[in-house]
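Read the structure below first, then the notes.
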Amino acid sequence: MAVQTVAGNTTSSAPAVDLGPAAALSCRECGERFDLGPLFACASCFGPLEVAYDLPTGSPEELRKRIEAGPDNIWRYAPLLPVPADVAEKPNINPGFTKLVKADNLARELGVTGGLYVKDDSGNPTHSFKDRVVAIAVEAARAFGFTTLSCSSTGNLAGAVGAAAARAGLRSCVFIPHDLEQGKVVMAAVYGGELVGIEGNYDDVNRFCSELIGDPLGEGWGFVNVNLRPYYGEGSKTLAYEICEQLGWRLPDQIVIPIASGSQLTKIDKGFQELIKLGLVEDRPYKIFGAQAEGCSPVSAAFKAGHDVVRPQKPNTIAKSLAIGNPADGPYVLDIARRTGGAVEDVTDEQVVDAIKLLARTEGIFGETAGGVTLGVTKKLIDAGVIDPALTTVVLNTGDGLKTLDAVSATSQATATIKPSLDAFRAAGLAAN
Ligand SMILES: *Cc1c(COP(=O)(O)O)cnc(C)c1O
Ligand SMILES: [Zn+2]
């Protein structure tokens, strides 16, 4: 059935699209299925749609070998993603297979004995995890015949869309709150697409984009996180796949994930579940923890209050990439944190800065504010006895500190400025002896 919930973007007369193992869209709330298309809300109950698959049926060993023989990017998992089988040959930014760093120095500092790892997604092409979700959305945009790639962004997504559109040969026009960090603005603009600053916060930007989709002005536009959202979301599953593969095809015991809209967290859980179902990892319990900044903590507040619904907030935090006051997937994050025995917690901006510097000082990884939020929450939950230091724990660093220099620039400056002479250096007291 070709139900259209988005005016103007109809593809119902087009031949069946080839998105590999993706079989249909299904409603997360009522389970109703729809043909693959640029849809995001269930026509019956308005629940969010997600991709349903015909997953591979061979033996786990065969599938594992096939994945391991694949390219060193997310396309090694193409049999589990809504992309055509020949995706690796198409012009795309090919993100993924970023480093899983065994963070022994950090572990010592935090008292973790069970193994602490940082999944460092600053190593992606535009230096954030958003390249993963955009790479998938680009394939959907191609399949549905969209000519302009767009998004509402808290910063990183705009850059990822700009870069991916440039590589794919698509036009791009992206929307951001007008007051983002300079690093994010430049990163979004440099790829040559259109960049529009909206006078408002992210939730205003998002509302504007929803209006644009329903208007003839937005005809032919693929908004990666709105009308392509079901496909976009699947990109985050690759974090789950990579972490397990890099741990030797094993689930982590605990994982700490930042929350903006909550999409990434819910899809990492989906990725773990798929690996279990496919027999690629042993079915063992794992706990998922969500991280927010205190200045934008609607999901954390709901978790602590025992609520099932998330009350929107007006964001005010330095962690702008996570500043979504009305997170679409908030209720699902609550479900997952509770189901797995995890938690959702928040930290102050000061703790965010401390955590950015802690990660840099102990492991040589310069994360952005979202990374500071995630590590800050990890530390807080270890100190509170909620995260078990004796278990294997993975912390995500989802972006690059170079994009949020302001967060640490006041306290990260030259130790001394001296004349180019040994006397001056001696006087500065920095010599080893
Ligand atoms: C977008 C983003 C996230 C999380 O986004 P979700 O909307 O929750 O999927 C995390 N970290 C960074 C750096 C981001 O840009
Ligand atoms: Zn439904």
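The values are calculated or read from the model by the stated rules, or taken from the named source; none is laboratory data. A quick note: this is a predicted structure, and the numbers were derived from the prediction, not measured. Here Cβ is always computed from backbone atoms with ideal geometry, including for glycine, and neighbour counts include all displayed protein chains.
Tally time: how many residues in the range 387-421 are closer than 30 Å to A158 by Cα and crowded, with 16+ Cβ neighbours inside 10 Å?
12
Which of the helices (runs of 4 or more DSSP H) found entirely inside the range 314-433 contain at least 1 residues meeting this: farther than 14 Å from G295 by Cα and within 13 Å of ligand 1 (Cβ to nearest atom)?
Working: elements: 330-340, 349-363, 369-383, 406-409, 422-427.
Where helices (runs of 4 or more DSSP H) fall fully within the range 314-433 and carry at least 1 residues being farther than 14 Å from G295 by Cα and within 13 Å of ligand 1 (Cβ to nearest atom), they are 330-340, 349-363, 369-383, 406-409.
So which pairs qualify, if the first residue must be in the range 270-282 and touching a residue at least 24 places away in the same chain (Cβ under 8 Å), the second must be of a type in the set (S, T, Y), the Cβ gap must be under 7 Å, and the two must be at least 6 apart or on different chains?
Filtered contacts from the range 270-282: G271/Y241; F272/Y286; L275/Y241.
Do any strands (runs of 3 or more DSSP E) lying entirely in the range 136-212 carry at least 3 residues that are among the hydrophobic types (A, V, I, L, M, F, W, C), and which ones are they? Before you say what the answer is, go through the steps one by one.
Working: elements: 148-152, 171-177, 194-198.
The qualifying strands (runs of 3 or more DSSP E) are 171-177, 194-198.
Yes/no per residue for (1) closer than 16 Å to L228 by Cβ; (2) under 21 Å from the mean Cα position of the chain (by Cα); (3) polar (S, T, N, Q):
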site	(1), (2), (3)
F146	yes, no, no
L149	yes, yes, no
T154	no, yes, yes
L157	yes, yes, no
R171	yes, no, no
F175	yes, yes, no
Q182	no, yes, yes
A189	no, yes, no
I198	no, no, no
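Kindly indicate which of G429, G399, G385 is at positive phi and either in contact (Cβ under 8 Å) with a residue 24 or more places away in the chain or in the same structural domain as V344 (by TED's automatic domain parsing) (or both).
Working: G429 fails: either in contact (Cβ under 8 Å) with a residue 24 or more places away in the chain or in the same structural domain as V344 (by TED's automatic domain parsing) (or both); G399 fails: at positive phi.
Among G429, G399, G385, only G385 is at positive phi and either in contact (Cβ under 8 Å) with a residue 24 or more places away in the chain or in the same structural domain as V344 (by TED's automatic domain parsing) (or both).
Any idea which of L110, L81, L116, L55 is surrounded by fewer than 22 Cβ atoms within 10 Å (Cβ to Cβ), away from ligand 2 (no atom under 16 Å from the Cβ), under 20 Å from C244 (Cβ atoms) and outside the structural domain of N156 (by TED's automatic domain parsing)? Before the answer, list the steps.
Values: L110 fails: under 20 Å from C244 (Cβ atoms); L81 fails: surrounded by fewer than 22 Cβ atoms within 10 Å (Cβ to Cβ); L116 fails: surrounded by fewer than 22 Cβ atoms within 10 Å (Cβ to Cβ).
Step by step, each of L110, L81, L116, L55 is checked, and only L55 is surrounded by fewer than 22 Cβ atoms within 10 Å (Cβ to Cβ), away from ligand 2 (no atom under 16 Å from the Cβ), under 20 Å from C244 (Cβ atoms) and outside the structural domain of N156 (by TED's automatic domain parsing).
With the structure loaded, tell me whether H127 is touching a Leu at 6+ places or on another chain (Cβ under 8 Å) and either free of Cβ contacts under 8 Å to residues at least 12 places away in the same chain or surrounded by fewer than 24 Cβ atoms within 10 Å (Cβ to Cβ) (or both) or whether it fails that test. Break it down stepwise before answering.
On the way: touching a Leu at 6+ places or on another chain (Cβ under 8 Å): yes; either free of Cβ contacts under 8 Å to residues at least 12 places away in the same chain or surrounded by fewer than 24 Cβ atoms within 10 Å (Cβ to Cβ) (or both): yes.
It is true that H127 is touching a Leu at 6+ places or on another chain (Cβ under 8 Å) and either free of Cβ contacts under 8 Å to residues at least 12 places away in the same chain or surrounded by fewer than 24 Cβ atoms within 10 Å (Cβ to Cβ) (or both).
Find the residue count for the range 223-248, including only residues that are among the charged types (D, E, K, R) and crowded, with 24+ Cβ neighbours inside 10 Å.
Going residue by residue through the range 223-248, those that are among the charged types (D, E, K, R) are 229, 234, 237, 242, 245.
Those left that are additionally crowded, with 24+ Cβ neighbours inside 10 Å: 229, 234, 237.
Of the residues in the range 223-248, 3 are among the charged types (D, E, K, R) and crowded, with 24+ Cβ neighbours inside 10 Å.
Assuming C244 fulfils every condition listed in (1) closer than 28 Å to S152 by Cβ; (2) not in a loop (DSSP other than H, G, I, E, B) apart from one, which condition is it?
Exception for C244: condition (1).
Only residues that are part of a loop (DSSP other than H, G, I, E, B), modelled with pLDDT of 95 or more and among the basic types (K, R): list them for the range 51-106, please.
Residue satisfying the conditions is K99 alone.
Taking the residues in the range 13-46 that are within 11 Å of ligand 2 (Cβ to nearest atom) and in a strand (DSSP E or B) as candidates, determine which candidate is surrounded by the most Cβ atoms within 10 Å (Cβ to Cβ).
L25
So the check is Cβ under 6 Å with 6+ separation or different chains; which pairs have a first residue in the range 36-49 that's free of Cβ contacts under 8 Å to residues at least 60 places away in the same chain and a second one that's assigned to a loop (DSSP other than H, G, I, E, B) and polar (S, T, N, Q)?
A41/T5; A43/T5
Every residue, every condition in (1) surrounded by fewer than 20 Cβ atoms within 10 Å (Cβ to Cβ); (2) modelled with pLDDT of 95 or more; (3) over 19 Å from the mean Cα position of the chain (by Cα), yes or no:
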{"site": "V333", "(1), (2), (3)": "no, yes, no"}
{"site": "R339", "(1), (2), (3)": "yes, yes, yes"}
{"site": "V352", "(1), (2), (3)": "no, yes, no"}
{"site": "A360", "(1), (2), (3)": "yes, yes, yes"}
{"site": "E368", "(1), (2), (3)": "no, yes, no"}
{"site": "G372", "(1), (2), (3)": "no, yes, no"}
{"site": "K379", "(1), (2), (3)": "no, yes, yes"}
{"site": "D383", "(1), (2), (3)": "yes, yes, yes"}
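For the range 260-278, check the following and say yes or no: at least one residue is surrounded by fewer than 22 Cβ atoms within 10 Å (Cβ to Cβ) and outside any helix (DSSP H, G or I).
Within the range 260-278, one or more residues are surrounded by fewer than 22 Cβ atoms within 10 Å (Cβ to Cβ) and outside any helix (DSSP H, G or I).
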